[in-house]
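Below is one structure, written out as structure tokens; the observations come after it.
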Amino acid sequence: QVQLVESGGGLVQPGGSLRLSCAVSGSIFSNRAVGWYRQAPGRQRELVAQISSVGNTNYAESVKGRFTISRYNGKNTVALQMNSLKPEDTAVYYCKTYIGLRDYWGQGTQVTVSS
């Protein structure tokens with residue numbers, strides 16, 4: 001059984017920072033890529049950032065230079081550091097991993113960027 005639990009969301013002013021954390025249960029963590037996704041009201045869920053099992057990363061163009069994804073294999077955790085936040089970053093943020101063809105999602109954490 002794989003479970004993912006996100007934390008760290010909240011309300012922040014434009015230009016501020018937040019750090020999201022995704023805790024992944026089970027022994028598969030170190031061998032799996034993990035991604036952060038977000039979904040704003042009325043919009044499709046989109047990939048924000050992804051990190052491979054060996055630490056290679058990729059980012060959506062809209063967050064490059066502002067967001068940083070990191071993994072801590074000893075703690076089965078992936079973090080998303082978000083700086084210079086904009087109102088358009090407002091969304092529910094989810095982390096995801098997979099085993100074979102099956103995806104596993106967390107419950108999501110709300111990020112609201114507003115003055």
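Things to note:
- Qualifying residue in the stretch 82-99 (condition: open to solvent by less than 10 Å² (accessible area, probe 1.4 Å) and farther than 22 Å from residue 111 by Cα): no
- Checklist (1) at pLDDT 95 or above; (2) surrounded by fewer than 18 Cβ atoms within 10 Å (Cβ to Cβ); (3) touching a Ser or Thr at 6+ places or on another chain (Cβ under 7 Å) applied to residue 113, failing item: (2)
- The residues on offer are 56, 31, and the sole one that is exposed (fewer than 12 other Cβ atoms within 10 Å of the Cβ) and at pLDDT 95 or above is 56.
- Residue tally, condition touching a helix residue (DSSP H, G or I) at 6+ places or on another chain (Cβ under 8 Å), over 16 Å from residue 19 (Cα atoms) and modelled with pLDDT of 95 or more, over the stretch 69-96: 1
- Candidates are the residues of the stretch 91-106 that are out of contact with any Gly (no Cβ under 8 Å at 6 or more places or on another chain), in a strand (DSSP E or B) and aliphatic (A, V, I, L, M); the one that is farthest from residue 50 (Cα to Cα) is 91.
- Which numbered condition residue 75 misses (of (1) farther than 24 Å from residue 26 by Cα; (2) open to solvent by 90 Å² or more (accessible area, probe 1.4 Å)): (1)
- Pair list, Cβ < 7 Å and 6+ apart or interchain, from the stretch 5-25 residues that are within 19 Å of residue 65 (Cα to Cα) and in a strand (DSSP E or B) to residues that are open to solvent by 30 Å² or more (accessible area, probe 1.4 Å) and charged (D, E, K, R): none
- Residue 2 being in contact with a Phe, Trp or Tyr (Cβ under 6 Å, 6 or more places away or on another chain) and part of a loop (DSSP other than H, G, I, E, B): yes
- Residues in the stretch 100-109 that are on the phi < 0 side of the Ramachandran plot and open to solvent by less than 90 Å² (accessible area, probe 1.4 Å): 103, 104, 106, 109.
- Within the stretch 65-103, the only residue that satisfies the criterion of being over 14 Å from the mean Cα position of the chain (by Cα), free of Cβ contacts under 8 Å to residues at least 24 places away in the same chain and closer than 30 Å to residue 115 by Cβ is 65.
The values are calculated or read from the model by the stated rules, or taken from the named source; none is laboratory data. Note that this is a predicted model, so its numbers are computed, not measured. Glycine also receives a Cβ, built like all others from the backbone with ideal geometry; neighbour counts cover every protein chain displayed. Heavy atoms of the whole protein, side chains included, go into the accessibility calculation; ligands, DNA and RNA do not. Shrake-Rupley method; radii C 1.70, N 1.55, O 1.52, S 1.80 Å.
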